[in-house]
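Reviewing the structure listed below.
The values are calculated or read from the model by the stated rules, or taken from the named source; none is laboratory data. Keep in mind that this is a model prediction, so the values were computed, not measured. Cβ placement follows ideal geometry from the backbone for every residue including glycine, while neighbour counts extend to all protein chains displayed.
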Amino acid sequence: MEGVDVLCHAAAWTSLWGHKEQSRLLYLEPTLKLIETAKAAGVARFINISTTSAAAPGRSADPMSCGIPRPFWPHLCNVIAIEDALRLAATPTFQVVNLRLGIFAGSGYGLGLLPILVPRLRTHLVPWVVGGRTHLPIVDGRDIGQAFACAVAAIDLPPYESVNIMGPIAPTVREVITLLHEEHGLPCPHFSVPFGLAYPFGWLMERLDPIVPWEPLVTRSIIHLLEEVHVDNNKAARVLGYSPVYDWRDTVRTQLAEMRVRETRPMRMARPVT
């Protein structure tokens with residue numbers, strides 16, 4: 001950290017469900033130590049990545065709102081704990097820029113909602129949730145890179161600034177799955193359920209995990225990612241000068257093309273510990 005002006009924290013170990021202890025040891029504790037070390041070394045600005053789902057569904061439109069811990073998703077709780085730690089650590093000489101990212105997609109991703117969703121659609125067992133009417137704030141990895149660059153260069157920021165980051169347009173879940181159906185032959189869901197039924201179904205799938213040889217068909221964390229977040233790029237444009245370029249359709253096509261080559265088996269919901 002010595003001599004560093006701006007630190008971009010883009011590293012994480014992540015899990016879409018369970019794995020509480022691994023998330024604490026491999027993500028939360030190292031990140032808290034990194035924050036402590038960076039501040040002590042005189043780093044002027046710490047740029048952190050978080051998620052637009054941190055405060056979903058009620059308060060995500062305001063990126064400065066505190067996250068809402070969800071006990072069913074330990075890793076999200078740790079993401080929120082890091083946001084809270086950065087709020088406390090922020091000072092005029094240790095500025096924090098918190099980027100709440102939408103659903104990341106595009107080339108080079110080892111985990112994400114699309115690689116989890118695709119093999120589950122093939123089972124014909126995944127339902128629409130509220131008819132697929134909620135929006136997915138998909139953001140291309142290249143636009144995330146632009147957001148980092150904007151956060152590095154921005155001036156006149158307060159000690160703690162948080163912004164939502166997404167692509168130019170947020171499609172509905174139905175639009176995304178329809179694209180997967182029309183261009184890649186994936187089946188569309190055959191029925192729809194409300195969130196009030198989707199969460200208990202996810203809970204049941206999690207409870208069955210110890211006795212079946214495959215990962216849960218649906219988890220409560222996946223349902224949570226389908227909640228409406230009502231986010232936009234207005235604040236990021238005003239404060240950071242962020243202007244996303246990559247349309248969600250091209251981003252999804254890029255990721256699916258790469259998955260056909262690289263993903264020979266369904267992607268696991270947690271990064272392996274090696």
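Can you pull out the residues in segment 181-218 that are of a type in the set (D, E, K, R), within 18 Å of P115 (Cβ to Cβ) and touching a residue at least 60 places away in the same chain (Cβ under 8 Å)? The one that is of a type in the set (D, E, K, R), within 18 Å of P115 (Cβ to Cβ) and touching a residue at least 60 places away in the same chain (Cβ under 8 Å): E183. Just one of the listed residues (R59, R45, R87) is among the charged types (D, E, K, R), surrounded by fewer than 23 Cβ atoms within 10 Å (Cβ to Cβ) and either closer than 30 Å to A257 by Cα or at pLDDT below 95 (or both), namely R59. Which of the residues that make up segment 8-23 are at pLDDT 95 or above and either in a helix (DSSP H, G or I) or β-branched (V, I, T) (or both)? Result: no residue meets the conditions.
Restricting attention to segment 14-27, does a residue exist that is over 26 Å from L157 (Cα atoms), of a type in the set (S, T, N, Q) and either without any contact (Cβ under 8 Å) to a residue 12 or more places away in the chain or out of contact with any strand residue (DSSP E or B) (no Cβ under 6 Å at 6 or more places or on another chain) (or both)? Yes, there is a match, as at least one residue in segment 14-27 is over 26 Å from L157 (Cα atoms), of a type in the set (S, T, N, Q) and either without any contact (Cβ under 8 Å) to a residue 12 or more places away in the chain or out of contact with any strand residue (DSSP E or B) (no Cβ under 6 Å at 6 or more places or on another chain) (or both). Taken as a whole, the condition of being in contact (Cβ under 8 Å) with a residue 12 or more places away in the chain and crowded, with 22+ Cβ neighbours inside 10 Å applies to A54.
Can you tell me which residue in segment 103-158 is surrounded by the fewest Cβ atoms within 10 Å (Cβ to Cβ), limited to those that are farther than 19 Å from G202 by Cβ and in contact with a Leu (Cβ under 7 Å, 6 or more places away or on another chain)? Steps first, answer last, please.
The initial filter retains those residues of segment 103-158 that are farther than 19 Å from G202 by Cβ, namely 104-110, 135, 137-158.
Next cut, in contact with a Leu (Cβ under 7 Å, 6 or more places away or on another chain) only: 105, 139, 144, 147, 150-151, 154.
Working: A105: 25, V139: 29, I144: 23, A147: 25, C150: 21, A151: 27, A154: 19.
That would be A154.
If you take the residues of segment 235-251 that are of a type outside the set (D, E, K, R) and in a loop (DSSP other than H, G, I, E, B), which of them is surrounded by the fewest Cβ atoms within 10 Å (Cβ to Cβ)? So, considering only residues that are of a type outside the set (D, E, K, R) and in a loop (DSSP other than H, G, I, E, B), the one surrounded by the fewest Cβ atoms within 10 Å (Cβ to Cβ) is V245. Across segment 8-37, what is the total count of residues that are under 19 Å from the mean Cα position of the chain (by Cα) and either among the basic types (K, R) or within 26 Å of L217 (Cα to Cα) (or both)? Total meeting the criteria: 14. On the basis of being among the charged types (D, E, K, R), out of contact with any Asp or Glu (no Cβ under 8 Å at 6 or more places or on another chain) and at positive phi, does D156 make the cut? So D156 passes the test.
Given the residues L180, L186, L217, which is the only one that is in contact with a Lys or Arg (Cβ under 8 Å, 6 or more places away or on another chain) and either among the β-branched types (V, I, T) or more than 23 Å from L76 (Cα to Cα) (or both)? So the residue among L180, L186, L217 that is in contact with a Lys or Arg (Cβ under 8 Å, 6 or more places away or on another chain) and either among the β-branched types (V, I, T) or more than 23 Å from L76 (Cα to Cα) (or both) is L186. Among the residues of segment 156-174, not one is over 30 Å from Q95 (Cβ atoms) and without any contact (Cβ under 8 Å) to a residue 40 or more places away in the chain.
Condition first: among the small types (G, A, S) and in contact with a helix residue (DSSP H, G or I) (Cβ under 6 Å, 6 or more places away or on another chain). Now tell me which residues in segment 157-215 satisfy that.
Listed by number, the residues that qualify are G167, S192, A198, G202.
Within segment 65-78, the residues that satisfy the criterion of being surrounded by 16 or more Cβ atoms within 10 Å (Cβ to Cβ) and either of a type in the set (S, T, Y) or closer than 20 Å to M166 by Cβ (or both) are G67, I68, L76. Beta carbons closer than 6 Å, at least 6 apart along the sequence or on distinct chains, pair a first residue in segment 226-240 that is within 16 Å of A153 (Cα to Cα) with a second that is assigned to a loop (DSSP other than H, G, I, E, B) for A236/Y242; L240/A154.
Looking at segment 218-234, is at least one residue surrounded by 13 or more Cβ atoms within 10 Å (Cβ to Cβ), at pLDDT below 90 and either among the β-branched types (V, I, T) or not in a helix (DSSP H, G or I) (or both)? Quick ask: steps written out before the conclusion?
So in segment 218-234, the residues surrounded by 13 or more Cβ atoms within 10 Å (Cβ to Cβ) come out as 218-233.
Imposing the further condition that a residue be at pLDDT below 90 reduces the set to 218.
Keeping just the survivors that are either among the β-branched types (V, I, T) or not in a helix (DSSP H, G or I) (or both) gives 218.
Yes: one or more hits.
Mind listing whichever residues of segment 194-217 are modelled with pLDDT of 90 or more, assigned to a loop (DSSP other than H, G, I, E, B) and surrounded by 13 or more Cβ atoms within 10 Å (Cβ to Cβ)? None; the set is empty.
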